[in-house]
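Report on the following structure.
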Amino acid sequence: MKTGIIGLPQVGKTSLFKILTKAKLEDRGYSNPREAHIGVAKVPDDRLDKLSALYSPKKTTHASVEFVDVAAIGQEALKETAFLTSLRNVDALIHVLRAFEDDSIPHVGANDPLRDVKNVEFDLMISDLTQVEKRLERLEKDLKKGRTSELEREQALLLRSKEALEKEQPIRELEMTAEEKKLIKGFMFLSQKPVLYAVNIGESTKLGDDLEAAVSRYGLSEVAQRPNAGATAICGKVEAELAEMDEAEAAEFLSSYGLHESGLVRLIRKSYELLGLISFFTAGEDECRAWTIPAGSKAPQGAGAIHSDLEHHFIRAETIRWDNLLAAGSEANARALGTLRLEGKEYVVQDGDVMHIRHSG
């Protein structure tokens, strides 16, 4: 999973990237201020941690997310090839919105997250519209030379996309068949990418309540409920402090704010939901590991995430829910209790399954 972090200047976008990926950007010399920063974040998962405590493996491997922090967004930036390439190559966007007050960090005008959503969305749609119009011109010429059903389907879909964009409707809100999505996948339209709005609020004594209320307080409930969109809130200042603490300190610090998890855990979980992803686990004495797959994947596709050979030679999957395995205390106990079961090729993998793949390879 590759996620682009976007936003206007001075919203806390790069700070969020540094907290997520533990990147030390000041140690690296960037000659081009528009150069994208790329880093990898471990996906926190207490289910995996508990499985690891049960097995005491030599290695525990969490799932990971690649984050791309691009320069501040705007119409001028969106005309630059390098900037566009960085943004087009991601699967989803996290749009950081400023809602905190800080005189030491200048900001043009009053904080207004909903206004910023609309302005950035407009810029993304203008970029897509330019691309659509150029392709439609070429298609028209190609169709005059010779009509094919594929060219006609592409033209119809692009005309529908053009109509939506001209009405200021992002492409992510258009209903499309799997075949249609495949047809325009190569364009990597920016307004087609799922988007998670992250409202960056200020620190307060009642931070837990403020985080819960932030999406509705700043008028983002409606945009967050649109197709392929979502919203959450973080407090960048608190997250930066948490990033410097060990686990016990962090838990105590969070509870002092009435919180049981960090905003970053919530942010990554929301990203998974938005992209329709789930995690399953493999567990043993050598390694406990989380694997990321699309929701609705069948057991052979889950096996394929581990290794392509396992998908080709799949026979059965020994499967148990992570919490049932913990309750049983061991696989042998789970087998005796009947909670460890054998599943075939049609089994749909569930979030939190622990699987051992039987194969003929």
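The values are calculated or read from the model by the stated rules, or taken from the named source; none is laboratory data. No experiment lies behind these values; they were computed from the predicted model shown. Cβ atoms come from the backbone with ideal geometry, glycine included; neighbour counts cover every protein chain shown. The protein model used for the area step is the full one, side chains on, heavy atoms only, and it has no ligands, DNA or RNA in it. Shrake-Rupley method; radii C 1.70, N 1.55, O 1.52, S 1.80 Å.
So, R0 is 45 Å and r is the distance between the beta-carbons of residue 81 and residue 286; what FRET efficiency does that work out to, to 0.05?
0.50
What GluC sites (Glu not before Pro) in region 222-282 are in a loop by DSSP, with at most 10 other Cβ atoms within 10 Å of the Cβ?
Of the GluC sites (Glu not before Pro), the ones in loops of region 222-282 whose Cβ has at most 10 other Cβ atoms within 10 Å are 244.
In region 227-323, how does Rg compare with the Kirkwood Rh, expressed as the Rg/Rh ratio over alpha carbon atoms?
For region 227-323, the value is 1.09.
Two decimals is fine: what is log10 I(q)/I(0) at q = 0.15, 0.28, 0.29 Å⁻¹ for region 143-183, from a Debye sum with one equal scatterer on every Cα and no solvent?
Values returned for q = 0.15, 0.28, 0.29 Å⁻¹ are -0.40, -0.97, -1.00.
Mind giving me the FRET efficiency for residue 153 and residue 91? R0 is 22 Å, r the Cβ-Cβ distance, nearest 0.05 is fine.
Once rounded, the FRET efficiency stands at 0.35.
What is the pair-distance distribution P(r) of the chain, computed from all Cα-Cα distances in 20 Å bins starting at 0, with each bin given as a whole percent?
25, 51, 23, 1
Roughly speaking, what is the centre-to-centre gap between region 246-261 and region 156-174 when only Cα atoms are used, to the nearest Å?
45
Can you tell me the relative contact order of the chain? Whole percent, Cα pairs under 8 Å, sequence separation 6 or more.
Answer for the chain is 18 percent.
If the cut-off is a Cα-Cα distance under 19 Å, which lysines reach residue 50, setting aside same-chain residues fewer than 8 apart in sequence?
Output for residue 50: 42, 58, 59.
Once label points are set 7 Å from the Cα along Cα→Cβ at both residue 217 and residue 243, what is their separation, rounded to one decimal in nm?
The modelled label-to-label distance comes out at 2.3 nm.
Less than 12 Å apart at the alpha-carbon level, and either on another chain or at least 8 residues along: which aspartates and glutamates does that give for residue 167?
none
For 285, 173, give me the order by solvent-accessible area with a 1.4 Å probe, most accessible first, ignoring ligands, DNA and RNA.
Descending accessible area places them as 285, 173.
Which three extents, in whole angstrom, do the alpha-carbon atoms of region 155-205 cover along their principal axes, largest first?
In descending order, the Cα extents are 55, 22, 17 Å.
What distance in nm separates the two pseudo spin-label positions at residue 336 and residue 348, each 7 Å out from Cα along the beta-carbon direction?
So the label points at residue 336 and residue 348 sit 3.4 nm apart.
Based on Cβ point charges of +1 for Lys and Arg and -1 for Asp and Glu, what charge dipole magnitude is obtained for the chain about its Cα centre, in debye rounded to the nearest 20?
Result for the chain is approximately 1320 debye, rounded to the nearest 20.
Which value in nm describes the separation of the simple spin-label points at residue 327 and residue 134, placed 7 Å from the Cα toward the beta carbon?
Computed distance between label sites residue 327 and residue 134 equals 5.7 nm.
What trypsin sites (Lys or Arg not before Pro) does region 180-252 have in DSSP loop regions with at most 16 other beta carbons within 10 Å?
206
Straight-line reach from residue 2: which aspartates and glutamates have Cα under 16 Å away, leaving out those fewer than 8 places along the same chain?
Within the straight-line limit of under 16 Å, residue 2 reaches these aspartates and glutamates: 66, 69, 91, 273.
Please state the equivalent ellipsoid semi-axes for region 293-361: what are the square roots of 5 times the Cα gyration tensor eigenvalues, largest first, in whole Å?
Ellipsoid semi-axes (Å, largest first): 21, 13, 9.
Only bridges with both residues in the chain count here: give the DSSP antiparallel percent, nearest 5.
Bridges in the chain that DSSP calls antiparallel: roughly 50 percent.
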